[in-house]
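Heads up, the thing below is written out as structure tokens.
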Amino acid sequence: MTSGVGAPTRASISARTLRTDRWWLPPLLTNLGLFAFVAYATVRSFMGKWYWIEDYGYLTPFYSPCLSESCLPGSSHFGTPLPELPGWIPLGFVALPFLLGFRLTCYYYRKAYYRSVWQSPPACAVAEPHASYSGETRLPLIVQNAHRYFFYVALLVSVVNTYDAVVALTHGLGVGNLVLLTNVVLLWAYTLSCHSCRHIAGGRLKHFSKHPVRYRAWTFVSKLNVHHMRLAWTTLGTLVLTDLYVMLVASGAISDLRIF
Ligand code: FES
């Protein structure tokens with residue numbers, strides 16, 4: 001091993017770590033959380049049903065925007081420019097790759113899965129299993145540098161999700177509307193708290209005093225940015241809960257409680 005703890009200039013310690021605490025617990029929990037989300041999202045994205053409730057205008061974010069002729073009547077808020085799709089293509093396939101890219105290249109999620117999935121390293125003072133380190137300088141990890149472009153698309157998708165939630169309000173008000181709106185507000189908070197967004201708002205400036213609008217935007221984003229990790233996990237949860245709620249109501253397993 002030529003780098004890391006195995007480098008010739010480092011002390012020769014055969015044990016992987018001398019830590020005696022439960023250092024493995026955070027990476028394990030991260031793995032379980034990420035795996036649970038990916039499993040749920042994959043199953044739901046390919047299910048192809050129970051994603052739209054015509055009476056209440058509820059559309060799950062996993063199928064938005066729904067742009068093909070395979071989409072249920074009424075669920076295509078932006079028309080159906082695409083033909084019928086075979087069953088192995090998720091109906092939300094237009095946005096899903098970008099949202100996946102946005103999360104995968106997110107600075108927080110990188111930290112999370114570099115530690116938990118790739119164990120690089122899994123915790124402080126715990127040796128990593130890899131013999132060499134090339135950082136994010138070559139494929140596939142060089143794609144991490146495209147995060148800001150995924151951010152731009154994620155902004156558009158947040159607008160689309162907001163539109164879906166507002167359209168649902170034209171059908172009246174039920175618990176489902178509150179679920180959709182909560183999800184949208186948190187998605188905006190997560191998206192705007194992005195490190196790239198913070199840089200876009202206030203980066204490359206020499207004098208904040210000469211750019212008061214960008215300074216205000218940067219200050220606002222910075223306050224959100226402090227909570228980025230929490231928002232990253234919270235929005236995974238709200239995405240699942242929103243989709244689950246729509247699925248349960250659409251399948252008839254539960255009824256939507258109507259307020260008016
Ligand atoms: Fe996490 Fe941009 S850094 S979404």
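Scanning segment 180-235 for residues that are part of a helix (DSSP H, G or I), away from the ligand (no atom under 12 Å from the Cβ) and aliphatic (A, V, I, L, M) turns up 180, 181, 184, 185, 186, 201, 213, 217.
Scanning segment 19-53 for residues that are within 19 Å of residue 120 (Cβ to Cβ) and not in a helix (DSSP H, G or I) turns up 19, 23, 24.
Tell me, which residue of segment 112-138 that is β-branched (Val, Ile, Thr) and part of a loop (DSSP other than H, G, I, E, B) is farthest from the ligand (Cβ to nearest atom)? So that I can check it myself, show each step before the final result.
Start the filter on segment 112-138 by keeping residues that are β-branched (Val, Ile, Thr), which leaves 117, 126, 137.
Now restrict to residues that are part of a loop (DSSP other than H, G, I, E, B): 117, 137.
Numbers: 117: 17, 137: 19 Å.
Here the answer is 137.
Within segment 86-111, residues that are farther than 18 Å from residue 154 by Cβ and away from the ligand (no atom under 12 Å from the Cβ) have Cβ atoms under 6 Å from residues that are modelled with pLDDT of 95 or more and among the hydroxyl-bearing types (Ser, Thr, Tyr) in these pairs: 91/63, counting only partners at least 6 apart in sequence or on another chain.
Screening residue 170 against (1) out of contact with any Phe, Trp or Tyr (no Cβ under 6 Å at 6 or more places or on another chain); (2) within 26 Å of residue 55 (Cα to Cα); (3) within 16 Å of the ligand (Cβ to nearest atom); (4) among the polar types (S, T, N, Q) leaves a single unmet condition, (3). Mind listing just one residue for me: the one in segment 237-260 that is in contact (Cβ under 8 Å) with a residue 12 or more places away in the chain and part of a loop (DSSP other than H, G, I, E, B) and, of those, nearest to residue 48 (Cα to Cα)? This residue is 256. Being at pLDDT 95 or above, crowded, with 19+ Cβ neighbours inside 10 Å, polar (S, T, N, Q) and in a loop (DSSP other than H, G, I, E, B): is that true of residue 76 here? Answer is yes for this residue. Surrounded by 15 or more Cβ atoms within 10 Å (Cβ to Cβ), over 20 Å from the mean Cα position of the chain (by Cα) and among the polar types (S, T, N, Q) - does that describe any residue in segment 136-153? No, because not a single residue in segment 136-153 is surrounded by 15 or more Cβ atoms within 10 Å (Cβ to Cβ), over 20 Å from the mean Cα position of the chain (by Cα) and among the polar types (S, T, N, Q).
The values are calculated or read from the model by the stated rules, or taken from the named source; none is laboratory data. The structure displayed is predicted, hence computed values, not measured ones. Neighbour counts run over all protein chains shown; Cβ positions are idealised from the backbone, glycine included.
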